[in-house]
Every structure is written in structure tokens, then in C-alpha cells.
Amino acid sequence: MTTIRPQSDDGWGAARPRHDAHVLVIGGGGTGGALAHDLALRGLRVTLVERGELTSGTTGRHHGLLHSGARYAVNDRESAVECIEENAVLRRICPGSFEENDGLFVAVTEQDLEYLEPLLEGCAACGIPTQVLAPAEALALEPNLNPGLKVAVRVPDATVDAMRMPLRFFATACRNGARVYPFVEVTGLLVHDGAVGGAQVHDLVTGAEGGVGADVVVNAAGPWSGRIASMADIEVPIRPSPGVLLALRGRLCDMVVNRLHRSGDGDIVLPTRGLSVVGTSSWVVDDPDDLDVPEEHVRRMLEEGRKLIPAVEQAEPRAAWSAARPLIGSRTADTGRELSRTFKTFDHAEEDGVEGFVTITGGKGTTLRAMAELCADVVCRKLGLDEPCRTRDTVLLPHTAYYAA
Amino acid sequence: MKSRRLRVFRFKRDGRGERFHEFDVPVGPTTTVLDALLWIKRHRDRSLAFRHSCLHASCGTCGVQLNGREVLACVTPLGERGGAATIEPLANLPVLTDLVVDQAELYARFYDVRPLVRSSERGAADAFTRYEDCLECGLCLSACPIAGSSDAYVGPAALAQAQRLLEEPRGAEQEEVLDWADRPDAAWRCHAAFECTQVCPGGVDPAARIMALRGALLRRGRGRARAPA
């Protein structure tokens, strides 16, 4: 069936799939990993290919925020509800993967205070618990906050290791028989008679090229999903929307510190290990491989970040980088801020008359499991399989189990 | 823009063995080793394989040797001056392809599946948590001269983790951790070269932790095993 290299037993692992149907997942980010896990639990044969290391595209580069949904509660309630629901599910199925220190939305100007009521109302409407803190209470929790803060709102944000939490989905998928191949690049889709029947791949480990047949091919390539879809002459409305992030040496806070105002540049400071990360900006590009780190964006991160935590200004920079969000939107979007953070599955049989091909995109790290559930439902419906989703209550293996697979 | 020549280690599982390929890469003052590798992949050779994920020295996936020194490619400037720079995979781990090593061999050395989250040292007001500093990058293992001469040696990362478990047990049985460390191929194999601490990008200071671990073993007073003289 395939020329790509065999894994440990050249087969489907100890857990033999209950169904013959074979799904090829393109893309080894959080979405692809969660989808491989979901489909493997439903008893399907799953092969996943990723052109580089797992999580090397967008997933691993994200700031490591497990959203409470509060950031979206005012303007994008669909996303906010998705976030708070998945926030609880992920804490349950990935124990030990989060720094569960909550988050603060901090008002530092009089104008910021105008956002307080809309935020509290939005959170209440979306089921996101909040606690309003006086400046002294917030400073007791986070002494490095801007001492001139007006008010703070505590929400159930958390931080996550952007690579290792998703790796737990891959680890569990492999244990359940999924075959995961990093360093295998898709170079074309196999299209016959209006149906996608697999992909042409280049294995960077062996140098071999060949085909992988599949009953359904899922395009989970994030900001690269437009490029994959174009291999079947299909256009998907993806806008790669990069943002700049800045890592500083030293841990300036334990909680996630957000600016209490509309989503904007440099509105978040959060800890990861011994670093503090300031994010982020937003623009749109055509080619997600063409990401620069504009110096003026880095300066803006520092200027805005120090309004939340003044020590940002003196901290030694460790790294500045860009990551491309895979937002769903029209070509008229110009900054990406106006685009929803929700996700969508495109069944290209319905949308474009091409069978055997599905794209899952949009969304964010926090909603990876829900994205996979939605997509796996579509895949199973296409294959005529009545298999319920089991990922809400399946506790995932530790990330190290991926390497022991 | 200036240009630097890179000599990049290549290995595909195609029977043709190991070799170096040379590329001339445009460099600026902030160009990192990873930027240069990404440029080669995008503009010169799509088949070049290397690991990266977070791009800010947090995930530990992009470790390589730059002119024989272990670095994280994502935060190491290449420099605008100098002759050819040689990029090789980490040592003391099997090479899967090109610059990619098999991390499984690193994790296999650990005492246990490591606990990622621990107590924050800042958490006086609340029971805050934080991640361990160790990035699981393997730079220390690559740099360790003893690991280079003995496959059985568990190496600095695993020993540093054991010492962390003594400092903050998080459910680990202290006596079992000490028993694990009290072996010729564990705490007593280290020759205190301190190369691990020099290359550690996470500030773990493995050498100091190994010395602390030995102190704990001596205080325990059993000394069941010692390295051969």
C-alpha cells in the first residue's frame, strides 16, 4: 500500500483496528494529532504524515495559553464557548500538562475600564467564571503587575507546553494503532474521477517517493491547508495570519496576564518555564513559509507588554519569532483581528464535488480536541460508520510515551 | 546582506552513508542557525530534515552541534563573519536522518516518566505551579564525554531529574530514586567534566545536581556501588 517506512512492527500495532477503512491525515500539528487519536479510538486505520517534526508548523510556536475563552467573550462568543468547554475537557484528559494558575484581565487605563462590564457580561453569557479583584488583591497575587492598575478580573486561563500536550494525543493515537510519520512531505494528491484516493509523498528519512492510498484524506495542514487543497484544484478560504511573539528571560508572572481591552497587539504576558512570553501581533500573508519577524512588531510587544508588567522593559530578550494562525476568512481581511477563531470542517464532496477529501481548519490550540471530534464525525459519516467519539473521557498517555512507541 | 558557508551533515536511510553538503546562506546580525536551515530548506534543498517546534528555547527540539558545540538552533546566532560553519546532529543519540536524532534513547534513560509540572518558587500567595526547567533537549547528553565512551551511562539529564525528584518528590519514592542513582552507570559514572552545565540552555545546571545527588547518596551511607577505579 505504501512505500513509507515501516514503524516498529510494519503493521497496525497491538491494537488492531476494528474497521478496514483507512484515513490519511495530512499535518502533524495539534489538530492532526487529536484527529488521529479520535479516529484510532473509533477503530479506524489511521496514517498521519507531517513534512517536518510534529508540531513544527503553528502548534509548537503558540504562546502556550490554554484559553478560558474570556479573550473572545465580547466579540466572538462561539469561540469563547468552545474554549471554556475544551478548557475543562483538556484539564481532565491531560493531567499534569498545565500550569493551572488562572489568568487575569488587567485594566491599566481609564479607557480600559469601559471594557469591564462587556467582559463580565460576555463571560457570564458564555459560562466563564470570573472574579473581580481590587488592585491590591491582584498585586498580592502578581507583585510584578503595573502598580497603577485599576481593576483585574480573574478567569480560568492556564498555560500549556505547546509541544508536549499535543504529543500526548500522538502518543495515545500510536498506542491505539495509528501510524505517525514525521518527515514525510505530501507532494501531490491522488485524484481520479472526481475523488481523492490518497497522496503522493516524499519520505525525507529514506529519500523514497511513493503513494499512500486512503479511503478518506483529511487536510489538517493548518495555514498550509490552502496549499494542500490546491493539489486537488480546490480553494479553501484560509488566511494565514502570522503574529509575532517575544520571549524574555526570567519568570515575571505565574498567572496569564491579559490586557482588559479589545484584542490588540501585545495584550498578553504569560510564563513558560523560566521565560516570559509577550504576544502578539496580527497580519495576513499568502505564503505561511514566508514569515519574517518585523522589528517594529517586537518593539510594540515591549511597549505594550510593559504596560501590564513594567519589568518587561528590563528583561533580557531570549527569542522573537512568528507563527501563522490558520484563520477562516475572505481575502479582504487585512489584519486577521476581525476573523473568528472558530473552526470548520469542509467536506469537499458537498462544497466542491470532490469525494474522499475533507479539510479541517481554523480553531486554536485550546480547541484541538473539539476540532478533531467534528472532523471525525464527518469522516465516519462519509464512510458509513456509526462510531461515537470517545475522546472526552479518555485520559491521554504522557508525552514521553510517544517516543517509547 | 552577507553570506556564510554552511557544511551540513547529511544522512538518508538509502544506503549511501553519511556526507556533508555545503550551502552559501545569506546572514544578517540576527540570523539564527535555525533561520539558516529553514532558508536552505526553502530555497536550496527541500529534502533537508531537522527538528524544530517552539522557536524560543522552550521545547528543546532543535538541538544540533555548531562547529562541535551543542546549541539550540532557534536561539543561536550564526554570525556574519567567519569561515564555513559546520552543522551536525547531536552526539550520543542515534541519527534518524540528517540532523534528526532519535529522542527515544534520551527518554529511555530517565528514572521515570518525568513530572512536567512542579511548584512555583514565586507562589507565596497562591499554590502556583510551573514547568520544570529541563527542556529534554539532549544537549547535555551530547556534550558529556563519559556518555561518549559508555552507552550504559544514564547521563546528565536523567541524573539531574533524579535530583529534582529528591528536592521535590511529587509522589516519587525517595529511597527508590536513590537506589536508581546509586549504580556504577548512574551517579558514580560522572567524572565532573561540567560540559553538561556549560551547554544547558534551560539553566538546569546538571553537573551541580549530580554532585548534590552524590552528596545525598553519601549521606544515606549505603554506597552499595561505586565506579571502578
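The values are calculated or read from the model by the stated rules, or taken from the named source; none is laboratory data. The model shown is predicted, which means the values in this text are computed figures rather than measured ones. Cβ placement follows ideal geometry from the backbone for every residue including glycine, while neighbour counts extend to all protein chains displayed. Just the protein is used for accessible areas: all its heavy atoms, side chains included, with ligands, DNA and RNA removed. Shrake-Rupley method; radii C 1.70, N 1.55, O 1.52, S 1.80 Å.
Taking Cα atoms only, the orientation of helix B:206-220 departs from the longest principal axis of chain B by about 20 degrees. With the cut-off at 1.5 for a/c, could you classify the stretch B:1-155 from its C-alpha gyration tensor as rounded, prolate or oblate? Taking the square roots of the gyration eigenvalues as a ≥ b ≥ c, the stretch B:1-155 is oblate.
Summing -39500 (n - 2.57) over the DSSP H runs of n ≥ 4 in chain A and dividing by its residue number, what mean residue ellipticity at 222 nm do you reach, to the nearest 500 deg cm²/dmol? Present the calculation step by step, with values, prior to reporting the outcome.
Details: 11 runs with 109 residues, N = 405.
Counting only the DSSP helices, I get -8000 deg cm²/dmol.
Computed FRET efficiency, Cβ-Cβ of B:Ala192 and B:Glu18, R0 35 Å: what is it to the nearest 0.05? Once rounded, the FRET efficiency stands at 0.65.
Once a ≥ b ≥ c are taken as the square roots of the eigenvalues of the Cα gyration tensor of the stretch B:85-229, is the result rounded (a/c under 1.5), prolate (a/b larger than b/c) or oblate (a/b not larger than b/c)? Verdict is oblate for the stretch B:85-229. Take every DSSP beta bridge whose two residues both sit in chain A, then give the antiparallel share in percent to the nearest 5. That works out to approximately 70 percent antiparallel. Phi angles across the stretch B:72-77 convert, under the Karplus curve 6.51 cos²θ - 1.76 cosθ + 1.60 with θ = phi - 60°, into 3J(HN,Hα) values of 8, 4, 6, 10, 10, x Hz, Gly and Pro given as x. Take the Cβ atoms of B:Thr30 and A:Asp20, set R0 to 51 Å, and the FRET efficiency comes out at 0.45. The GNM of chain B, with springs linking C-alpha atoms under 10 angstrom apart, assigns the highest mean-square fluctuation among B:Gly15, B:Gly203, B:Gly83 to B:Gly15.
Which is the longest run of chain B containing none of the GluC sites (Glu not before Pro) found in DSSP loop states (not H, G, I, E, B) with at most 15 other C-beta atoms within 10 Å? Maximal segment without exposed cleavage sites: B:1-79. An ellipsoid equivalent to the stretch A:128-175, defined through the eigenvalues of its Cα gyration tensor, has semi-axes of 36, 12, 6 Å when rounded to whole angstrom and sorted largest first.
For the pair B:Asp102 and B:Arg81, label points projected 7 Å from Cα toward Cβ lie 4.3 nm apart. When all protein chains stay in place, what accessible area (Å², nearest 10, 1.4 Å probe) is found for B:Thr129? Answer for B:Thr129: close to 30 Å² accessible. Every pair of different Cα atoms in the stretch A:253-405 enters the Kirkwood calculation, which places the hydrodynamic radius at 18.8 Å.
Among the trypsin sites (Lys or Arg not before Pro) within the stretch A:265-337, those in coil by DSSP and having at most 10 neighbouring Cβ atoms inside 10 Å are A:Arg331. How large is the Kirkwood hydrodynamic radius of chain A, counting all unique pairs of alpha carbons, in Å? After inverting the pairwise mean of 1/r, the radius is 21.6 Å. Here chain A has 48 percent of its accessible surface on carbon and sulfur atoms, given a 1.4 Å probe and all protein chains in place. Once backbone amide H atoms are built at 1.01 Å from N, A:Gly103 has A:Val155, A:Asp157, A:Val256 as its partners under 5 Å, excluding neighbours fewer than 5 places away on the same chain. Taking label positions 7 Å along the Cα-Cβ direction at both B:Asp151 and A:Arg299, the computed distance is 5.6 nm, reported to one decimal.
Taking amide H as placed 1.01 Å from N in the peptide plane, the amide H of B:Tyr131 sits under 5 Å from that of A:Arg273, B:Arg118, each at least 5 places away or on another chain. Restriction of the trypsin sites (Lys or Arg not before Pro) in the stretch A:209-272 to DSSP coil positions whose beta-carbon has at most 16 other beta-carbons within 10 angstrom yields A:Arg262.
For chain B, the relative contact order is 16 percent, taking Cα pairs closer than 8 Å that sit 6 or more residues apart in sequence and dividing their mean separation by the residue count. In the stretch A:204-245, burial by the other protein chains removes 20 Å² or more of 1.4 Å probe accessible surface, compared with the chain on its own, from A:Leu204, A:Val205, A:Thr206.
Taking every DSSP bridge with both residues inside chain B, close to 90 percent are antiparallel.
Checked against a 24 Å cut-off, the cross-linked pairs B:Lys2/B:Lys41; B:Lys12/B:Lys41; A:Lys307/A:Lys364; A:Lys364/B:Lys41 give Cα-Cα distances beyond that limit for A:Lys307/A:Lys364; A:Lys364/B:Lys41. The spacing between the stretch B:140-166 and the stretch A:171-222, judged by their C-alpha centroids, is 37 Å. Using the Cβ-Cβ distance between A:Arg262 and B:Arg183 with R0 = 56 Å, the FRET efficiency computed as 1/(1 + (r/R0)^6) comes to roughly 0.45. Of B:Phe20, B:Phe50, B:Phe110, the residue with the greatest mean-square motion in the GNM of chain B, using alpha carbon springs below 10 Å, is B:Phe20. Using Cβ point charges alone (K and R +1, D and E -1), the dipole size of the protein assembly as shown about the Cα centre works out to roughly 1820 debye. For the chain pair A and B, the buried solvent-accessible surface (1.4 Å probe, both sides summed) amounts to about 4000 Å².
Quick one: net charge around A:Arg390, please, counting Lys, Arg +1 and Asp, Glu -1 for every other residue with C-beta under 9 Å from its C-beta. My count for the surroundings of A:Arg390 gives -1.
Shape of the stretch B:113-184 from its Cα gyration tensor (a ≥ b ≥ c, root eigenvalues): rounded if a/c is under 1.5, otherwise prolate when a/b > b/c, or oblate? Oblate, since a/c reaches 1.5 and b/c is not below a/b. The long axis of helix A:30-41 is offset from the longest Cα principal axis of chain A by roughly 50 degrees. Other protein chain C-beta atoms within 10 Å of residue C-beta, averaged over A:248-255: 3. Which of the trypsin sites (Lys or Arg not before Pro) found in the stretch A:110-208 are loop residues per DSSP with 10 or fewer other Cβ atoms within 10 Å of their Cβ? When the trypsin sites (Lys or Arg not before Pro) of the stretch A:110-208 are filtered for loop state and at most 10 Cβ neighbours within 10 Å, nothing remains. Taking the longest Cα principal axis of chain A as reference, the axis of helix A:116-126 is set at about 30 degrees.
The distance linking the stretch B:7-83 with the stretch A:31-103 is 29 Å (Cα centroid to Cα centroid, whole angstrom). Counting 0.36 nm for each residue step from A:Thr394 to A:Gln314 and taking away their Cα separation leaves a gain of 24.4 nm.
Highest GNM mean-square fluctuation among B:Arg118, B:Arg13, B:Arg183, for chain B modelled with Cα contacts below 10 Å: B:Arg13. Accessible surface of B:Tyr107 in the full protein assembly, 1.4 angstrom probe, to the nearest 10 Å²? Approximately 30 Å² for this residue. For chain A, the relative contact order works out to 23 percent when only alpha carbon pairs closer than 8 Å and six or more residues apart are counted.
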